[in-house]
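> Please see the structure below; I have some questions.
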Amino acid sequence: MTNPEQPSPRPVALVTGAGRTAGIGAGIAGALAAAGWDIAFTYWDAYDRRMPWGPEPGATEAIAGALAERGAAQLAVEADLADPDTPARVFDEVERGLGAVSALLLCHCESVDSDLFGTTVESFDRHFAVNARATWLLIREFGLRFAAARGTGRIISLTSDHTAGNLPYGASKGAMDRITLAAARELAHLGVTANVINPGPVDTGWMSGELRAHCTMTPPAARGQIGASLRCRQSP
């Protein structure tokens with residue numbers, strides 16, 4: 001969005017899947033900006049147009065404006081992460097606009113409810129392309145390009161333990177977990193840490209009143225086990 005005329009001393013974080021103001025990605029980006037980071041973030045409006053909540057006109061500009069208010073230089077990159085060429089292109093754009101990436105926050109997802117019998121091959125493949133393959137390719141680009149001081153690199157992947165009734169999402173998130181685990185071992189020589197976080201069900205605009213009340217009354221330790229019939233899944 002906006003770039004400073006002079007190089008910024010702030011480190012650069014790349015946050016994927018930050019296309020909605022109510023989303024987890026946008027919230028993380030805002031917190032990082034307040035903590036002293038410059039922010040690049042990806043968005044893909046075509047995904048929101050397919051989902052029940054629909055597109056949010058002006059969201060990209062609103063997110064960028066909120067980051068600027070926190071002192072961050074920011075760059076929004078439209079990114080179809082189902083395309084295997086996209087991760088390298090994203091890093092190219094971010095490096096040209098803001099500089100080298102020190103932290104990678106993976107908040108993107110494909111998440112469409114379907115069970116063992118209702119999942120199509122097309123949907124299954126799209127979930128794995130976005131949630132697993134793109135995660136691998138983004139982490140690979142991060143590792144190949146990482147040049148910051150040893151011990152300063154960070155990778156965070158947002159996961160979920162949801163499976164029943166949401167099969168391709170849960171299965172592809174499981175694959176994402178293993179990819180991140182591999183990164184923790186294979187990038188250790190760079191001093192890069194890689195961790196997976198399960199935020200549990202987060203209301204980013206998809207919850208009904210009944211579902212929100214149920215989640216609110218459920219003890220935190222059990223929220224990740226809420227039944228498939230309630231569709232308690234995250235939707236960053």
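The values are calculated or read from the model by the stated rules, or taken from the named source; none is laboratory data. Quantities reported herein were computed from a predicted structural model and do not represent experimental measurements. So basically every Cβ, Gly included, is an ideal-geometry build from the backbone, and we count neighbours across all protein chains shown.
> What strands (runs of 3 or more DSSP E) completely inside the stretch 10-96 contain at least 3 residues that are of a type outside the set (A, V, I, L, M)?
Those strands (runs of 3 or more DSSP E) span 38-43.
> Taking the stretch 112-166 as the region of interest, how many residues are under 30 Å from PRO9 (Cβ atoms) and of a type in the set (Lys, Arg)?
The number of residues fulfilling the criteria is 4.
> Can you tell me which residues in the stretch 97-110 are surrounded by fewer than 23 Cβ atoms within 10 Å (Cβ to Cβ), in a strand (DSSP E or B) and hydrophobic (A, V, I, L, M, F, W, C)?
ALA103
> Given the options ARG96, ARG89, name the one that is among the basic types (Lys, Arg) and over 19 Å from the mean Cα position of the chain (by Cα).
After applying the criteria, what remains is ARG96.
> Conditions: (1) within 15 Å of ALA103 (Cβ to Cβ); (2) in contact (Cβ under 8 Å) with a residue 40 or more places away in the chain; (3) surrounded by 21 or more Cβ atoms within 10 Å (Cβ to Cβ). GLY23 meets all but one. Number of the miss?
The single condition GLY23 does not satisfy is (1).
> Further, regarding this structure: Pairs needed: first member in the stretch 100-124, under 21 Å from ASN195 (Cβ atoms); second member anywhere, among the charged types (D, E, K, R) and modelled with pLDDT of 95 or more; C-beta distance under 6 Å; at least 6 residues apart or different chains.
Close Cβ pairs satisfying both conditions: ALA103/ARG154.
> Looking at (1) buried (at least 18 other Cβ atoms within 10 Å of the Cβ); (2) in a helix (DSSP H, G or I), find the lone condition where ASP125 falls short.
(1)
> Residues in the stretch 80-89: is at least one surrounded by fewer than 15 Cβ atoms within 10 Å (Cβ to Cβ) and touching a strand residue (DSSP E or B) at 6+ places or on another chain (Cβ under 7 Å)?
So far as the stretch 80-89 goes, no, none of its residues is surrounded by fewer than 15 Cβ atoms within 10 Å (Cβ to Cβ) and touching a strand residue (DSSP E or B) at 6+ places or on another chain (Cβ under 7 Å).
> Report, ordered by the first and then the second residue, all pairs with beta carbons closer than 6 Å, sequence separation of six or more or different chains, a first member in the stretch 85-96 that is farther than 18 Å from TRP37 by Cα, and a second member that is of a type in the set (Asp, Glu) and assigned to a helix (DSSP H, G or I).
PRO87/GLU141; ALA88/GLU141
> Which members of the stretch 43-64 meet the condition of being without any contact (Cβ under 8 Å) to a residue 40 or more places away in the chain and either touching a Phe, Trp or Tyr at 6+ places or on another chain (Cβ under 9 Å) or farther than 18 Å from ASP125 by Cβ (or both)?
TYR43, ASP45, ASP48, ARG49, GLY54, PRO55, GLU56, PRO57, GLY58
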